[in-house]
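Inspection log for the structure reproduced underneath, given as structure tokens.
Nothing in this text is a laboratory measurement; each read-out follows from the coordinates by a stated rule. Everything quoted here is computed from the prediction, not taken from an experiment. Positions of Cβ are generated from backbone atoms using ideal geometry, with glycine treated the same way; all protein chains shown enter the neighbour counts.
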Ligand code: URA
């Protein structure tokens with residue numbers, strides 16, 4: 001087999017065989033296929049796409065390129081959840097303890113934030129003492145004991161994806177549905193999931209800016225799941241504005257705790273109950289979605305979900321007293337109130353720009369190894385459709401610097417207020433199942 005022939009085949013819109021896909025991924029991982037040929041191949045896929053069978057084989061070839069996490073010692077069906085990323089997306093902080101409290105084993109590997117989106121691992125690290133580096137034996141032990149552990153990525157999982165993703169980043173081939181779908185699914189499968197719940201974001205703060213593209217991505221991932229024998233569902237949810245009110249690591253932990261107490265924002269609560277119901281149902285802890293949802297609602301109302309969060313935090317070395325005493329979370333030195341220059345309705349809150357504003361404050365990193373400030377960020381007081389009076393505070397800014405003119409400017413530019421009444425955006429557009 002020669003790589004040049006396979007590039008030509010894909011360039012001409014033909015489907016590759018399983019053997020050919022394995023040849024490409026194995027050769028590339030081993031360094032036998034050079035970046036320039038892989039770049040040409042990625043571009044051919046970008047324009048020509050892939051069949052369902054090709055996507056499934058590409059996914060499994062990437063899974064097989066590295067280590068796989070063995071969760072077989074954990075009792076029960078391990079349902080993993082993945083979000084395609086957004087601003088203010090702290091669902092894992094709520095969902096993990098919430099579904100664990102309903103008996104679902106949560107053995108979760110999460111990532112750090114990059115650019116305008118945050119990462120669960122950074123958020124958890126804002127809890128004093130919390131460890132995200134735990135070896136596999138301890139990880140399995142904690143999940144069997146408490147039904148929950150969340151760790152940073154360890155081991156050499158999907159090295160083919162790591163290499164290919166870095167290449168796509170510099171060859172304008174990130175935004176290809178077969179490549180995104182196989183990239184995400186390979187990581188979930190290598191991390192040991194039996195079943196997968198996907199939260200595919202749509203809107204200005206998401207990878208996929210419109211509903212049609214989001215649907216295509218969701219369908220591609222659900223099909224891959226079906227073809228490789230992993231039950232998968234995808235919920236398409238709104239990211240035209242940030243999720244909840246808080247953006248920034250410690251601020252988001254606080255909002256997640258409020259949500260576990262039943263006092264969280266409406267959109268975050270609803271999304272967690274929706275995704276969580278699928279997780280509970282797929283883990284066979286309830287025999288219908290309605291019963292699954294009831295179980296989760298009861299868990300919040302009774303305080304069981306919050307207790308599970310405390311147990312989880314303590315088990316990973318964190319100070320669980322932050323739940324009752326939030327002053328123990330990192331705090332910024334300064335707060336600033338952003339006041340409305342005119343009255344009207346909030347028409348737009350560009351999620352990506354708001355995420356960038358938080359990054360300027362230090363809440364996110366512009367490069368992979370940059371340090372972040374866990375205390376800083378933003379609290380929105382209004383969401384799309386809300387009415388604001390002139391002079392009313394619509395954002396509070398938490399900062400460790402006094403000069404925040406740039407941040408204020410980004411926020412004034414990205415949060416649009418006018419006399420036009422605007423409807424609240426739909427939160428959940430659709431669920432894609434097999
Ligand atoms: N996230 C991933 O993990 N992979 C992609 O290709 C895009 C987003």
207, 245, 309 arranged by Cβ crowding within 10 Å, fewest neighbours leading: 207, 245, 309
Once both axes come from the Cα atoms, what is the angle between helix 177-190 and the longest principal axis of the chain, in degrees from 0 to 90, rounded to 10? 90 degrees
At q = 0.19, 0.24, 0.25 Å⁻¹, what base-10 log of I(q)/I(0) does the Debye formula yield for region 332-418 when every alpha carbon is treated as an equal point scatterer in vacuo? -0.81, -1.17, -1.24
Where does each of 285, 201 land when they are ranked from fewest to most other beta-carbon atoms within 10 angstrom? 285, 201
Working from Cα positions, state the angle (0 to 90°, nearest 10) between the long axis of helix 249-260 and the longest principal axis of the chain. 80 degrees
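Over region 253-338, calculate the relative contact order: mean separation of alpha carbon pairs under 8 Å at least 6 apart, over the residue count, as a percent. Don't skip to the end; give the middle numbers.
Numbers: 55 pairs, mean separation 19.9, N = 86.
Dividing the mean separation by the residue count of region 253-338 yields 23 percent.
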The exposure ranking of 47, 139, fewest beta-carbon neighbours within 10 Å first, is 47, 139
Rounded to the nearest Å, the spacing of the alpha-carbon centers of region 338-372 and region 150-214 is 24 Å
Overall form of region 3-49 per C-alpha gyration tensor (a/c, 1.5; a/b vs b/c): oblate
Return one number: the angle in degrees, 0 to 90 and rounded to the nearest 10, between the long axis of the Cα atoms of helix 159-169 and the longest principal axis of the Cα atoms of the chain. 70 degrees
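Using only alpha carbon pairs under 8 Å that are at least six residues apart, calculate the relative contact order of region 79-325 and give it in whole percent. If you can, show how the numbers build up before the last one.
Numbers: 433 pairs, mean separation 74.4, N = 247.
So the answer I get is 30 percent.
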With r defined as the distance between the Cβ atoms of residue 75 and residue 26 and R0 fixed at 35 Å, what FRET efficiency is calculated, to the nearest 0.05? 0.50
Estimated inter-spin distance, residue 393 and residue 307, nm [label 7 Å along Cα→Cβ]: 3.6 nm
Bin all alpha-carbon pair distances of the chain at 20 Å intervals from 0 and give each bin's fraction as a whole percent. 26, 56, 18, 0
How high is the relative contact order of the chain? Use alpha-carbon pairs under 8 Å, at least six apart in sequence, and give a whole percent. 20 percent
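Based on DSSP H runs of at least 4 residues, each adding -39500 (n - 2.57), what is the mean residue ellipticity at 222 nm of the chain after dividing by all its residues, to the nearest 500 deg cm²/dmol?
After summing the helix terms and dividing by the residues of the chain, the value is -13500 deg cm²/dmol.
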In whole angstrom, how far apart do the alpha carbon centroids of region 229-263 and region 269-300 sit? 15 Å
Comparing 172, 149, 56, which has the greatest mean-square fluctuation in the GNM of the chain with Cα pairs linked when under 10 Å apart? 172
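For residue 406 and residue 47, what does the FRET efficiency come to when R0 = 41 Å and r is the distance between their Cβ atoms, rounded to the nearest 0.05?
0.60
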